[in-house]
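**Student:** After the structure tokens below, expect a handful of questions from me.
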Amino acid sequence: MNRLTRYVLREVLFAWLGVTVVLVIVLLTNRLIQFMADAASGDIPANIILTLLGLKAAANLGVVLPGSFFLGVVMALGRLYRDSEITAMAGCGIGPGRIYAGIFAVAVPLAALVALLSLSLGPGAEREADRILANAEQQARFGGVQPGRFLALGDDATVYVESVDSDGTLRGVFAERRVDGVHQVWVAPRARREIDAVAPGEFLVLEEGWRYEGRAGSAAWRVMDYAEHGVRIAEPDPIDPGVGRDAQPVAALLAADDVRALAELQRRLSFPVMVFVLALGSLPLARTDPRSGRYGRVVTAVLLFMIYFNLLFTASDWMVTGALPQWVGLGWVHGVAVLIVLVAMRRQLGMRWRAVRS
């Protein structure tokens with residue numbers, strides 16, 4: 001790797017890392033707002049927010065990196081054009097191939113990383129995030145008890161609490177449950193919540209209260225007092241977050257004889273391919289005049305990437321709905337992108353570099 005290649009590589013690498021950090025912060029900020037809202041409403045405990053943020057970042061990093069790389073390269077090369085450094089390179093007989101060598105010195109390992117993220121690490125992180133979120137929602141369901149409000153637990157249980165002490169003791173407790181049309185009502189001055197490992201479920205342990213049992217409209221009701229009584233408020237739901245296509249492992253997608261699995265697999269493989277296509281298109285797109293604006297080409301790069309990205313997902317939906325034959329797949333999207341890049345390279349680079357050499 002010669003000095004020029006290392007120089008281009010350094011410029012591209014720094015610009016790409018900067019854009020990646022900004023995009024990841026934006027992504028995590030949106031997720032953080034969503035998780036904090038869920039925690040404030042009692043749907044999840046606050047102590048798992050950072051874990052979920054890390055897992056969601058890993059799950060979406062394979063999608064973020066191709067776009068951040070494209071924008072970073074366009075910004076880095078745009079600066080070289082504005083400072084007339086590429087013009088000086090051309091005057092010394094250095095062609096686009098030497099510049100592409102520096103770009104692909106970053107693109108090749110990045111494509112390998114994106115392939116690893118999109119095919120293995122990302123779906124695994126998505127599955128783990130779904131599992132943690134489902135478990136947290138289950139555990140926090142009873143934790144959402146608020147003084148002075150009725151809380152429905154499951155389909156047939158209701159709990160009311162007057163106040164909650166700092167140690168978690170519930171004061172002025174009313175609990176009601178229906179079993180086969182029979183109403184069971186408990187009242188107690190205090191209670192505590194327990195999760196019993198012997199008899200799985202969520203239990204409300206009431207102390208020194210009364211129990212009423214009977215049918216609505218009937219005078220035959222049983223009344224009893226107790227020193228301590230455990231009421232199973234809800235049986236634990238199976239922790240099955242319902243793994244979606246984007247979280248399934250590659251082996252499961254290959255084993256599934258389903259067009260949806262095929263579309264998901266091709267979509268994941270598209271992200272490392274995008275890195276190479278965008279690396280080729282970055283140099284002709286970045287060509288600007290020294291007097292051009294600093295971020296003019298960046299806006300164009302964002303629009304082109306969004307068209308490319310959305311077209312891949314649209315083509316994937318067409319495969320699922322049958323509007324696009326399975327044998328066509330998503331390859332035609334990359335083919336169209338490569339064709340556009342080759343035309344741009346011919347017009348923007350070939351004509352310009354011939355003019356400089358003459």
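The values are calculated or read from the model by the stated rules, or taken from the named source; none is laboratory data. Everything numeric here is computed off the predicted structure, so don't read it as measured data. Cβ atoms come from the backbone with ideal geometry, glycine included; neighbour counts cover every protein chain shown. These accessible areas exclude ligands, DNA and RNA; they are computed on the full protein's heavy atoms, side chains included. Shrake-Rupley method; radii C 1.70, N 1.55, O 1.52, S 1.80 Å.
**Student:** By how many nm would the segment from ASP165 to TRP210 lengthen if fully extended, with 0.36 nm per residue of separation less the alpha-carbon distance?
**Tutor:** 14.1 nm
**Student:** Now a separate question. Could you sort ASP83, ASP38, ASP257 by accessible area so the largest value comes first, with the probe set to 1.4 Å?
**Tutor:** Details: ASP83 85, ASP38 45, ASP257 160 Å².
So the residues, ranked largest to smallest area, are ASP257, ASP83, ASP38.
**Student:** Right, something else. If ligands, DNA and RNA are left out, what is the accessible area of ILE48 with a 1.4 Å probe, given in Å² to the nearest 10?
**Tutor:** Approximately 30 Å² of ILE48 is accessible to the 1.4 Å probe.
**Student:** At 1.4 Å probe size, with the rest of the protein present, what percent of the exposed accessible area of the range 24-69 is carbon and sulfur atoms?
**Tutor:** Carbon with sulfur: 69 percent of the solvent-accessible area.
**Student:** Among 326-338, 271-283, how do they line up by average Cβ neighbours within 10 Å per residue, starting with the highest? Working shown, then result.
**Tutor:** On the way: 326-338: 15.5, 271-283: 22.6.
Top to bottom by mean Cβ count within 10 Å: 271-283, 326-338.
**Student:** Net charge within 14 Å of LEU311 by Cβ-Cβ distance, Lys/Arg positive one each and Asp/Glu negative one each, not counting LEU311 itself? Intermediate values should be presented prior to the final figure.
**Tutor:** Numbers: positive: ARG267; negative: ASP317.
Net charge around LEU311: 0.
**Student:** Further, regarding this structure: At VAL336 and VAL179, where each label point lies 7 Å from the Cα along Cα→Cβ, what is the point-to-point distance in nanometres?
**Tutor:** The answer from the label model is 6.2 nm.
**Student:** Let me ask another. Need one value: the accessible area of SER218 in square angstrom, 1.4 angstrom probe, rounded to the nearest 10.
**Tutor:** Approximately 50 Å² for this residue.
**Student:** Oh, and also: LEU28: accessible area at probe 1.4 Å, nearest 10 Å²?
**Tutor:** Around 50 Å² of this residue is reachable by solvent.
**Student:** In the calculated pair distance distribution of the range 1-126, what percentage of Cα-Cα distances lie above 23 Å?
**Tutor:** Tail of the P(r) past 23 Å holds 46 percent of the pairs.
**Student:** Additional query: Sorted by accessible area with a 1.4 angstrom probe, largest first, how do MET345, MET319 fall?
**Tutor:** MET345, MET319
**Student:** Taking one equal scatterer on every alpha-carbon of the range 25-93, how large is log10 of I(q)/I(0) by Debye at q = 0.11, 0.15, 0.18, 0.20 1/Å?
**Tutor:** Debye output, listed in q order: -0.48, -0.64, -0.75, -0.83.
**Student:** A follow-up question, please. If you rank VAL179, VAL173 by how much accessible surface each has, with a 1.4 Å probe, what is the order from largest down?
**Tutor:** The ranking, largest first, comes out as VAL179, VAL173.
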